[in-house]
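Read through the structure below, which is laid out as structure tokens, and then see the notes.
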Amino acid sequence: SFTMQLWVKPTATRPTTSQTTTAANQLINQRFAIYPENGEIAYGSGHSGVGISVGTNGVSVFEHGDQYGASPLVYDANISDWTHITVIYNNNSTSLYINGSFVKNGLTSEKITHPSARWFGAGGNDDAWNYGNYKGYLDDIKIYDRVLSAEEIENNMFLTSPDGLIGYWNFDQEGGATVYDLSANNNDGTLLDGTTFSTSIPYLQNIAWHV
């Protein structure tokens, strides 16, 4: 079980796909704010990485494995301003919260799922280019190895709980090529060509990442 959270302000639509746990080819041309790594390569047979595609027309949660790319949760809605997104995997059952409020349950995954921590915007490797790149602003990405309560989800729009935090990138450094992971895991990221820091920020955050 795990929780993924992030602030977004998208500037392009993402393709809407069917909500399913069996599709093999739904990853193409998405807007991955968090790219779903291939779980079978990273962890072995039967595993999948989880990512989030966000556009001005909604949010889709994706899973990625060998010859497998399905979206167990699809939420079509207008997203035109800074928006906080929380994705919950609770015993492989998916849920989505928008701006701290519950909006939808998705399907239950048939895979062994893992949160991903890769962001590909204007840059990225060939794998990310083929599957699609997020366009817009990103900020304050957090990953927990547990399910946050409804109260924590609302509070975590502006605060950060240390309990179970396994990845936290707040983009508060202005300039440079490194995005620092403020969790104990120290999984720092690197900005690729075409990505910049921006002061067009959500609420209490300071710096955002623009792609």
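The values are calculated or read from the model by the stated rules, or taken from the named source; none is laboratory data. Everything numeric in this text was worked out from a predicted model, so none of it was measured. Neighbour counts are summed over all protein chains in view; Cβ atoms, including those assigned to glycine, are modelled from backbone coordinates with ideal geometry. The accessibility values were calculated without ligands, DNA or RNA, using every heavy atom of the protein model including side chains. Shrake-Rupley method; radii C 1.70, N 1.55, O 1.52, S 1.80 Å.
When peptides 182-188, 164-170, 10-16 are ranked by their average number of other Cβ atoms within 10 Å per residue, the highest-first order is 164-170, 10-16, 182-188. Between amide H atoms placed 1.01 Å from N, distances below 5 Å from THR113 occur with SER48, all of them 5 or more places distant or on a separate chain. Here r is the Cβ-Cβ distance between ASP145 and THR108 and R0 is 22 Å; the resulting FRET efficiency, rounded to 0.05, is 0.70.
Given the -39500 (n - 2.57) contribution per DSSP H run of 4+ residues, what per-residue ellipticity at 222 nm results for the chain, rounded to the nearest 500 deg cm²/dmol?
-1500 deg cm²/dmol
Across q = 0.08 Å⁻¹, the chain modelled as identical point scatterers on its alpha-carbon atoms has Debye log10 I(q)/I(0) values of -0.23, in the order of the q list.
Rounded to the nearest whole angstrom, the semi-axes of the ellipsoid equivalent to the range 1-123, taken from the Cα gyration tensor as √(5λ), stand at 21, 15, 13, largest first.
Using the 1.4 Å probe convention, the accessible area of the range 42-169 works out to 38 Å² per residue with neighbouring protein chains retained.
A straight chain from ASN25 to PHE158 at 0.36 nm per residue would run longer than the Cα-Cα distance by 44.3 nm.
Our estimate of slack between GLN67 and SER1, defined as 0.36 nm per intervening residue step minus the Cα-Cα distance, is 21.4 nm.
A simple spin-label model places pseudo-atoms 7 Å from Cα toward Cβ; at LEU182 and ALA42 they are separated by 2.2 nm.
Both radii were evaluated on the Cα set of the range 27-69; the Rg over Rh quotient, with Rh as the Kirkwood radius, amounts to 1.02. Overall, the accessible surface of the chain at a probe of 1.4 angstrom is composed of carbon and sulfur to the extent of 45 percent.
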